[in-house]
Structure formats: C-alpha cells, structure tokens
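Chemist: Below is one structure. I have some questions about it.
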Amino acid sequence: MTSKLNIVIVEEPCLSRNVMVKALRAWGYACTVVDDEDAAWAALLAATGPCLVLVDWHADFLECGEFFDRIRNSPALNGTYILSAVPRGFGRAIRESVVAGADDYVFRPYDLDEARVRLHIASRILGHEPGGSVFASEDAPSPQSPSFGEGALLAD
C-alpha cells in the first residue's frame, strides 16, 4: 500500500468542519480545507495520486451534481473517491448524491466513528494505508465521544 490518503474537504466554515479536520489530522490523514469551488478544483488537481474529496452536499457555493460530474469526467482525477456529507434525516440527499457520482456518504453533523470507518474503507479501496486503527478506542490519545457535539476535539 502507498502512503496515507490525502483528503480535500469542501465545506463552508462551521463547527462540524473544524472538528472533522482536527480528527482527521489526529488520525494521521493529510487534509486540505477549501470553501469554494475553484479552490476545491485546484486542490484536487494539485494532489499527488488519487485522493478523497469530502463534499458538503448542501454547500451554498457549490452545485454538487455538476462538481461530481466534472470530477468524473476529468482524466487527471481518475480514481478520486467522492464522499458526500449529507444532513441526517435527508434520505433523498443520499440518493441524489450517489446518483450524481458519489462513492459513499457520511452524515452531518459528523459522527466521528462512522466517518473514521468510511475513511478507512475508502483508503483501502484506493490502495492507501488507512490512518491508524479503525476505531478511536484503539489509539491513544483519542476522542472520548464519536459525536462532534460532545466537544471532545474542540480544545487545542
């Protein structure tokens, strides 16, 4: 397997994004955070090898269906894994994002255990070394709660 997966996060600034970024870095993933479509596209093109893009399906600045299609039709981004972040309780958003080209989805607000499992699987599919153990309880130090609402990762 190659080195750890690079992740591009496309989401507006918010608490859940900040917690996810902190968790990703604690798990050993390299991540780039962007909050507009042009920056997302540039980050994806700059990535070395296949990467994962975590996209907020309801981002105000992005038409995700078109963005996913653009990724899928770019030879330079062949192999990019699209993980769509959809709001809890919006089953239609799951269907829409998968039809639009997402490989998988994760609920927002993020449950860190769920996100970690999905990232672990994506890493293996892409031939990368997953970031640490699958579950946070297997690593030290680790967040005590899988939910961002508990504030486990908020302190620096």
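Chemist: Those residues that are outside any strand (DSSP E or B) and either buried (at least 19 other Cβ atoms within 10 Å of the Cβ) or in contact with a Ser or Thr (Cβ under 8 Å, 6 or more places away or on another chain) (or both), I need them from the stretch 5-17; list them, please.
Modeler: Leu5, Glu11, Arg17
Chemist: Based on this model, can you work out whether Tyr81 counts as touching a strand residue (DSSP E or B) at 6+ places or on another chain (Cβ under 9 Å), modelled with pLDDT of 95 or more and aromatic (Phe, Trp, Tyr)?
Modeler: yes
Chemist: A further question follows. State all residues of the stretch 42-66 that are over 19 Å from Ile125 (Cα atoms) and over 15 Å from the mean Cα position of the chain (by Cα); if no residue qualifies, say none.
Modeler: Of everything in the stretch 42-66, those that are over 19 Å from Ile125 (Cα atoms) and over 15 Å from the mean Cα position of the chain (by Cα) turn out to be Ala42, Leu45, Ala46, Asp60, Phe61, Leu62, Glu63, Gly65, Glu66.
So that you can scan it fast, the table gives a plain yes or no per residue for (1) in a loop (DSSP other than H, G, I, E, B); (2) among the charged types (D, E, K, R); (3) surrounded by 13 or more Cβ atoms within 10 Å (Cβ to Cβ):
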site: Ala59; (1), (2), (3): yes, no, yes
site: Leu62; (1), (2), (3): yes, no, yes
site: Leu83; (1), (2), (3): no, no, yes
site: Ala93; (1), (2), (3): no, no, yes
site: Glu96; (1), (2), (3): no, yes, yes
site: Val99; (1), (2), (3): no, no, no
site: Ala102; (1), (2), (3): yes, no, yes
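Chemist: Please list, ordered by first then second residue, the pairs with beta carbon atoms under 7 Å, 6 or more apart or interchain, first in the stretch 4-20 and within 21 Å of Cys51 (Cβ to Cβ), second acidic (Asp, Glu) and not in a loop (DSSP other than H, G, I, E, B).
Modeler: So the pair list comes out as Lys4/Glu129; Val10/Asp56; Glu11/Asp56; Glu12/Asp56.
Chemist: With the structure loaded, tell me whether Cys31 is touching a residue at least 12 places away in the same chain (Cβ under 8 Å) and surrounded by 21 or more Cβ atoms within 10 Å (Cβ to Cβ) or whether it fails that test.
Modeler: The answer is no for Cys31.
Chemist: Is it the case, given these coordinates, that Ala140 is at pLDDT below 70 and out of contact with any strand residue (DSSP E or B) (no Cβ under 7 Å at 6 or more places or on another chain)?
Modeler: yes
Chemist: Looking at Gly101, is it touching a Gly at 6+ places or on another chain (Cβ under 9 Å) and at negative phi?
Modeler: no
Chemist: Is at least one residue of the stretch 68-77 among the acidic types (Asp, Glu), in contact (Cβ under 8 Å) with a residue 24 or more places away in the chain and surrounded by fewer than 21 Cβ atoms within 10 Å (Cβ to Cβ)?
Modeler: Yes, that holds for at least one residue.
Chemist: Identify, by number, the condition in (1) in a helix (DSSP H, G or I); (2) surrounded by fewer than 20 Cβ atoms within 10 Å (Cβ to Cβ); (3) not charged (D, E, K, R) that Met20 doesn't meet.
Modeler: All conditions pass for Met20, except number (2).
Chemist: Also, quick follow-up: Name every residue in the stretch 104-127 that is of a type in the set (A, V, I, L, M), part of a helix (DSSP H, G or I) and out of contact with any Asp or Glu (no Cβ under 9 Å at 6 or more places or on another chain), in order of residue number.
Modeler: If the condition is that a residue be of a type in the set (A, V, I, L, M), part of a helix (DSSP H, G or I) and out of contact with any Asp or Glu (no Cβ under 9 Å at 6 or more places or on another chain), then Leu112, Ala115, Val117, Leu119 are the ones that fit.
The values are calculated or read from the model by the stated rules, or taken from the named source; none is laboratory data. From a predicted model like this one, the values you see are computed outputs, not experimental measurements. Note that each Cβ is placed from the backbone with ideal geometry, even for glycine, and that neighbours are counted across all protein chains shown.
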